[in-house]
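J.: Mind having a look at this structure? Questions to follow.
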Amino acid sequence: MKRYIVLSVLAVVFFWGFVGMVQAGLSDGLVGYYPFNGNADDESGSGNYGVADGVTLVKDRHENNGRAYSFDGNDKIAINSPITTSITYSVSLWMRYSSVLSSNQILLANGGDTNGSQGLAIFIVGTGLSYPVENIDYGRSVAFSFAEETLDIRGSVFAPISPDDWHHIVAIRDPYSSDHKAVIYINGVKYADSISTIDSGNRFGEINNMMFGTSSASPGAVSLNGELDDIRVYDRILSESEINQLYHEGEACEDNYDEGYEAGKQYCIDNPEACGISTNGGFTQADLDAKYAEGKDDGYDEGYRTGIDSCDNPIIVPDSNCATFDLFTNTLSVPCLNMGKTYWVDMKLEGDHLTIDGFGEVE
């Protein structure tokens with residue numbers, strides 16, 4: 001085992017270059033990306049733009065204003081294409097639903113939710129529905145349905161979910177694996193990896209343009225009462241590590257926003273006059289709390305800037321055996337470095353791989 005210090009300009013540039021490769025990983029195969037940053041634009045570069053109809057911008061799961069869309073059962077976002085027509089794909093989204101309804105509540109669909117359709121649909125299962133599957137908690141289950149004329153197959157998988165909380169959902173269709181696999185992950189946990197219902201010999205229509213919050217097959221009858229955010233569609237299979245990265249995305253930002261708020265509140269406690277709080281009494285605790293909240297901006301800016309910094313340069317948490325170098329392909333795989341600093345690295349050669357067993361910041 002040898003320990004190396006990453007000090008040279010070339011080495012530092014190399015590692016900085018690699019950070020770009022790590023961050024680009026979640027852009028690989030991305031054919032639709034909707035962060036809802038005040039609009040329904042596709043930020044994947046694929047041009048699959050959405051038109052918002054009736055939806056309202058609200059706070060996202062990190063309490064950021066205007067960064068998610070709310071649907072009231074009559075709203076939708078219509079995309080100008082199906083986004084994907086592949087039969088191998090992954091869909092990642094954040095959602096929260098507020099009402100348990102008798103009808104299904106479509107999160108997104110380009111087909112797959114009716115007998116004559118083709119494509120995919122992800123929806124909350126209504127209490128008035130019935131599926132030939134045991135242990136479905138109607139009103140508290142999410143379904144991923146798909147229909148593919150190429151393979152003459154129509155199927156669904158189900159997973160438990162609860163109203164009123166934000167959930168991260170990933171649906172994966174990998175038809176060339178064993179048992180025509182379909183998978184659902186809820187908050188990073190795999191709940192289904194084989195098809196719960198399956199049928200063949202169906203009629204198949206054309207794949208429709210993608211809709212968020214309803215279905216083009218039955219608009220208005222299966223619409224969402226809830227919120228959607230950060231929708232991503234890939235034409236490839238996401239790995240479990242990528243799913244975990246998406247699930248934890250933005251947490252560093254949230255922590256820094258909270259720290260900024262607390263710093264502002266403490267500033268007002270320490271400097272009440274600067275925040276317009278009289279030191280002569282006459283304020284109830286509720287008044288003081290309101291003043292602390294108003295004065296948070298005095299300490300919030302720095303925390304906010306730090307939070308934005310964390311979003312733009314995400315901290316990737318190290319794990320064991322996190323880096324390998326393939327001598328044949330000259331590929332360095334390091335899914336865990338936080339760049340911008342100087343590190344020591346322990347490396348050893350094992351067969352045709354150079355393994356990095358440990359690293360740390362140089363004090």
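J.: Can you tell which of 65, 74, 37, 80 is in the same structural domain as residue 209 (by TED's automatic domain parsing), touching a residue at least 24 places away in the same chain (Cβ under 8 Å), surrounded by fewer than 19 Cβ atoms within 10 Å (Cβ to Cβ) and within 18 Å of the chain's Cα centre (by Cα)?
T.: Just one listed residue meets the conditions, 37.
J.: What is the residue count in the range 168-181 for residues that are out of contact with any strand residue (DSSP E or B) (no Cβ under 6 Å at 6 or more places or on another chain) and either in contact (Cβ under 8 Å) with a residue 40 or more places away in the chain or assigned to a strand (DSSP E or B) (or both)?
T.: Looking only at that region, the number is 2.
J.: Output yes when any residue across the range 196-204 is assigned to a strand (DSSP E or B), modelled with pLDDT of 85 or more and under 21 Å from residue 118 (Cα atoms), and no when none is.
T.: Within the range 196-204, none of the residues are assigned to a strand (DSSP E or B), modelled with pLDDT of 85 or more and under 21 Å from residue 118 (Cα atoms).
J.: Here's another thing I want to ask about it. Going by the structure shown, is residue 139 exposed (fewer than 15 other Cβ atoms within 10 Å of the Cβ) and either among the aliphatic types (A, V, I, L, M) or in contact with a Leu (Cβ under 9 Å, 6 or more places away or on another chain) (or both)?
T.: Against the criterion (exposed (fewer than 15 other Cβ atoms within 10 Å of the Cβ) and either among the aliphatic types (A, V, I, L, M) or in contact with a Leu (Cβ under 9 Å, 6 or more places away or on another chain) (or both)), residue 139 does not qualify.
J.: Would you mind stating whether residue 19 is surrounded by 12 or more Cβ atoms within 10 Å (Cβ to Cβ) and either at pLDDT below 50 or part of a loop (DSSP other than H, G, I, E, B) (or both)?
T.: yes
J.: Looking at 141, 46, 27, 99, which is the one that is of a type in the set (Gly, Ala, Ser) and either in contact (Cβ under 8 Å) with a residue 40 or more places away in the chain or in contact with a Lys or Arg (Cβ under 6 Å, 6 or more places away or on another chain) (or both)?
T.: 99
J.: Moving to a separate point now. Filter the range 212-266 down to the residues that are over 21 Å from residue 41 (Cα atoms), at pLDDT 65 or above and of a type in the set (Phe, Trp, Tyr) and list them by number.
T.: 247, the sole residue that qualifies.
J.: Could you identify the single residue in 50, 73, 155, 112 that is touching a strand residue (DSSP E or B) at 6+ places or on another chain (Cβ under 9 Å) and modelled with pLDDT of 90 or more?
T.: After ruling out the rest, the residue left standing is 50.
J.: I'd like to check something: does the range 90-108 contain any residue that is of a type in the set (D, E, K, R) and at pLDDT 90 or above?
T.: Scanning the range 90-108 turns up at least one residue that is of a type in the set (D, E, K, R) and at pLDDT 90 or above.
J.: Still on this structure: Considering only the range 152-167, state which residues are in contact (Cβ under 8 Å) with a residue 40 or more places away in the chain and either in contact with a helix residue (DSSP H, G or I) (Cβ under 7 Å, 6 or more places away or on another chain) or part of a strand (DSSP E or B) (or both).
T.: 153, 154, 155, 156, 167, listed by residue number.
The values are calculated or read from the model by the stated rules, or taken from the named source; none is laboratory data. Given the structure is predicted, the values throughout are model-derived calculations rather than measurements. Cβ: placed from backbone, ideal geometry, glycine included. Neighbour counts: every protein chain shown.
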